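The values are calculated or read from the model by the stated rules, or taken from the named source; none is laboratory data. Fair warning: this is a prediction, and the values are worked out from it, not measured in the lab. Keep in mind that these areas ignore ligands, DNA and RNA; they rest on the heavy atoms of the full protein, side chains included. Shrake-Rupley method; radii C 1.70, N 1.55, O 1.52, S 1.80 Å.
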Amino acid sequence: MPDYETLRANLERRGFDVTYFETAAQAADYLDRKLDGKTVGHGGALTLTEMGLPERLSSHAAVFSHWSGGTFQQAAAAPIYLTSVNALAETGELVNIDGTGNRVASGLYGHKKVYFIVGRNKLAPDYDAALWRARNIAGPKNAQRLQKKTPCAVKGDKCYDCKSPERICSALVVYWRKPSSMDFEVVLVDEDLGF
């Protein structure tokens, strides 16, 4: 079982705001209230879809994503950005791998605030384990979900550091500390969410 108090302390030492919820429904209620009337962008995080957040927020906020008829540019221009990570080290490092670059770019710069919504399945004991998880668990599962023709999608077992034109692992970002350009909140959820 994850030690959320230690994780919270490690993230806060790195400059991140942290909230914790036992369930995805509680986290969705919290974000629904916080983002009422706001303009929100998001990328392709399965976590958000599983929580029903894009649809829920669309009833009372302006929500932009290339997954729902918007564009990368509209999502990138929104003051608020919602995303997840591929792995979160209990020592406080957040790890994200991206194919297009829109999620990692929006997670670094250009918004007033970014929310990282992270389920317990994405937790790893330290940075090395988090990087391994992002490459060898999240990468293959996301490639399969997107029906890519890559070795990791076909075999579903690990990253092959392939040179496939359909590779979804083009860029890696590690958040060692909160970047000074904007506000960040890590929303921890004690349920499995996304890959």
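With contacts taken as Cα pairs under 8 Å at a separation of at least 6 residues, segment 105-195 carries a relative contact order of 48 percent. Size estimate for segment 1-93 follows the Kirkwood approach: the inverse of mean 1/r over distinct Cα pairs works out to 14.3 Å. Kindly identify segment 1-40 as rounded, prolate or oblate by the Cα gyration tensor criterion: order the square roots of the eigenvalues as a ≥ b ≥ c, call it rounded if a/c is under 1.5, otherwise compare a/b with b/c, prolate if a/b is larger, else oblate. It is oblate, given that a/c is not under 1.5 and a/b is not larger than b/c.
Based on protein heavy atoms only, the chain ends up with 47 Å² per residue of surface accessible to a 1.4 Å probe.
Of all DSSP beta bridges confined to the chain, the antiparallel ones make up roughly 25%. Normalising the average separation of contacting C-alpha pairs (under 8 angstrom, six or more residues apart) by the number of residues puts the relative contact order of the chain at 28 percent. Listed by chain and number, the aspartates and glutamates whose alpha-carbon sits under 15 Å from that of Lys178, ignoring those within fewer than 8 places in the same chain, are Glu12, Asp17, Glu93. In the context of the full protein assembly, Glu50 retains an accessible surface of approximately 100 Å², using a probe radius of 1.4 Å and ignoring ligands and nucleic acids. Taking 0.36 nm per residue of separation and subtracting the current Cα-Cα distance, fully stretching the chain between Trp176 and Trp67 would add 36.3 nm. Expressed as a fraction of 2.2 N^0.38 Å, the C-alpha radius of gyration for the chain is 0.96. Ligands, DNA and RNA left out, the 1.4 Å accessible surface of segment 29-82 is 53% carbon and sulfur atoms.
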